[in-house]
Amino acid sequence: MLKADFHIHTNRDPKDNTVQKKVIYSPYDIIDRAVEGKFDVLAFTHHDFQLEDKQVFAYAKKKGILLIPGIEKTINGAHVLILNAPKKQSENVDTFDDLRELRNKFRNSLIIAPHPYHVLMNCLRGKLVKHIDLFDAIEMSSFTSIVLDLNGHARKVAKKFSKPIVATSDSHFSFQFGKSYTAVKSAKTVLGVVRAVKKGNVECFVNPLSVFGLARIFTLFFLFELRLGFLVRFLRLKQ
């Protein structure tokens, strides 16, 4: 089984670092942390930007980490994870019709619905079911707690539509990395991992945050992300 995290942000993220300056660690830092945590597979998924730095990929390979190219793309106001597709095509996806075209053209891509029903900005919510055929898997984010289960509705949708579930850290802060991950039954190749996830040959490990941990992320994150209407989205969480 391969230990994998398919949703990670670093200081190369144009939104998180340039605009909001909330990610302070580099891709190299995370790769080193991944080695310590016995990870096998990572994907850096920056907002609307796909990292293709040859030095980063070479460093990952040297350290024994399989690095899958990826992006967290904003599509019609909602976030979607696109893995293993060409940079130009991934960055130019702006609508769900574009996503369908990419999916049809690049059959070995992997499309994941990240934190679809969380209280964060840019969540898919109703768009997930509306476009469910476009998604290969649904994410269980580490941003959850025993007290407040923010992944509950996503699990129900995954079960209803027989979609695989993957667990990720969605790391924006260093303490998030390693909290949640996916074990993939696959050969250690990009194609092998993509096919294994699509077949559901995965096991999720989500370590719910403590009340303090959840409050800490809420405080840090919403200092940057607070928007009018947040309370309304929070109250509609279970809908």
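The values are calculated or read from the model by the stated rules, or taken from the named source; none is laboratory data. The structure displayed is predicted, hence computed values, not measured ones. So basically every Cβ, Gly included, is an ideal-geometry build from the backbone, and we count neighbours across all protein chains shown.
When the residues of segment 41-73 are filtered to those that are closer than 27 Å to Cys123 by Cβ and aromatic (Phe, Trp, Tyr), the one that is surrounded by the fewest Cβ atoms within 10 Å (Cβ to Cβ) is Phe49.
For Leu150, the criteria (1) aliphatic (A, V, I, L, M); (2) in contact with a Ser or Thr (Cβ under 7 Å, 6 or more places away or on another chain); (3) at pLDDT 95 or above hold in every case but one, which is (3). Take the conditions (1) among the β-branched types (Val, Ile, Thr); (2) surrounded by fewer than 16 Cβ atoms within 10 Å (Cβ to Cβ); (3) under 18 Å from the mean Cα position of the chain (by Cα); Val119 misses just one of them, which is (2). The residues in segment 184-213 that are assigned to a helix (DSSP H, G or I) and modelled with pLDDT of 95 or more can be counted, and the count is 10. A Cβ distance below 7 Å, combined with a sequence gap of six or more or placement on separate chains, defines the contacts here; from segment 121-149, residues that are touching a residue at least 40 places away in the same chain (Cβ under 8 Å) and within 16 Å of Phe205 (Cβ to Cβ) reach residues that are part of a loop (DSSP other than H, G, I, E, B) and among the charged types (D, E, K, R) in the pairs Ala137/Lys163; Ser141/Asp170; Ser142/Asp170; Ser142/Lys179; Phe143/Asp170. In the set Ala43, Ala78, only one residue is among the small types (Gly, Ala, Ser), at pLDDT 95 or above and touching a helix residue (DSSP H, G or I) at 6+ places or on another chain (Cβ under 9 Å); that residue is Ala78.
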